[in-house]
Structure formats: structure tokens, C-alpha cells
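This report concerns only the one structure given below.
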Amino acid sequence: MAVELSASLGKNFEVMGTIMPGSRLSHITGLASRETSQLQCDEFVIICGAANDINKNESKTGLRNIRNFALQNKHTNVIAISPSHTHDLQDFSCINGEIKHITDYIKY
């Protein structure tokens, strides 16, 4: 995602991407918090995660982490990307139900 964004924005923008396989939103937002203190109102942080929170049946905890991160970083723009629908499971599966719940929450 960072490579694509960097290529689209060109040399006038600095893009940094961090990959944390197996991490939950608490780890992702914790690491991002250390990086965001110097950001300004015209900069962006994109948080993409929650799959491992859903897998551990702790999506509500993950959502609280996103909310707290956004509230602590009002000095910059925070974009949260919800996990994608799992197409190898039935639409009515509990995992896809949680993904829909997270997506609906992040929209607002």
C-alpha cells in the first residue's frame, strides 16, 4: 500500500509503511503513536488492521484502540481502513459479521 501511494503522490510527499504480521490493533496503534507526535494538520496516518483482533474474538477492543488513537492524534488526519470481506467464508459467517460491524463503526 505504501509503495502504491508513494508512486501515486510523487516526490513531493514522504510515505512510510510498516508491516506487522500477526499484530493486533493495540500493537499497530502503539507503534504509530510513537511516530505521530511530530505530524501536523496537513499530514495523514493510515491504520489498516483488525484481522487478528477478529480472529481472537476481540474486535471491540480493537475498535477502542482505533478510537483512542484518533482522539490522541487530533493534530493530524487519521484514516482507518477496515479489514476486507472474507470471500472464502459464507456471507453469514461470524467472521464476516464482525468485519461488517467494524466497517460500519469505522464509517462514523
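Here are some notes:
- Of all residues in the stretch 45-102, none satisfies the criterion of being of a type in the set (Phe, Trp, Tyr), over 19 Å from Met1 (Cβ atoms) and surrounded by 15 or more Cβ atoms within 10 Å (Cβ to Cβ).
- Restricting the stretch 1-27 to residues that are touching a helix residue (DSSP H, G or I) at 6+ places or on another chain (Cβ under 8 Å) and among the hydrophobic types (A, V, I, L, M, F, W, C), the residue that is surrounded by the fewest Cβ atoms within 10 Å (Cβ to Cβ): Met16
- Figure legend. Inter-residue proximity from the stretch 65-76: first residues touching a residue at least 40 places away in the same chain (Cβ under 8 Å) and in a loop (DSSP other than H, G, I, E, B), second residues surrounded by 14 or more Cβ atoms within 10 Å (Cβ to Cβ) and among the hydrophobic types (A, V, I, L, M, F, W, C), beta-carbon distance below 9 Å, spacing 6+ or different chains. Indicated pairs: Asn73/Ala32; Asn73/Leu39; Asn73/Val45; Thr76/Leu39; Thr76/Val45.
- Search result, residues across the stretch 77-99 that are touching a residue at least 12 places away in the same chain (Cβ under 8 Å) and either among the acidic types (Asp, Glu) or over 16 Å from Gly30 (Cα atoms) (or both): Asn77, Ile81, Ser82, Pro83, Ser84, His85, Thr86, Ile95, Glu98, Ile99
- Matching residues, the stretch 28-39, being surrounded by 14 or more Cβ atoms within 10 Å (Cβ to Cβ) and either charged (D, E, K, R) or under 17 Å from Pro83 (Cα atoms) (or both): Ile28, Thr29
- Any hit, the stretch 12-21, residues being in a helix (DSSP H, G or I) and either within 12 Å of the chain's Cα centre (by Cα) or over 27 Å from Ile99 (Cα atoms) (or both): no
- Filter pass, Asp42 being closer than 22 Å to Met1 by Cα, among the acidic types (Asp, Glu), surrounded by 14 or more Cβ atoms within 10 Å (Cβ to Cβ) and without any contact (Cβ under 8 Å) to a residue 40 or more places away in the chain: no
Readers should treat all values here as calculations from the given coordinates under stated rules, not as data from a laboratory. These numbers were taken from a predicted model, which means no experiment stands behind them. Note: ideal-geometry Cβ built from the backbone for every residue, glycine included; neighbour counts use all protein chains shown.
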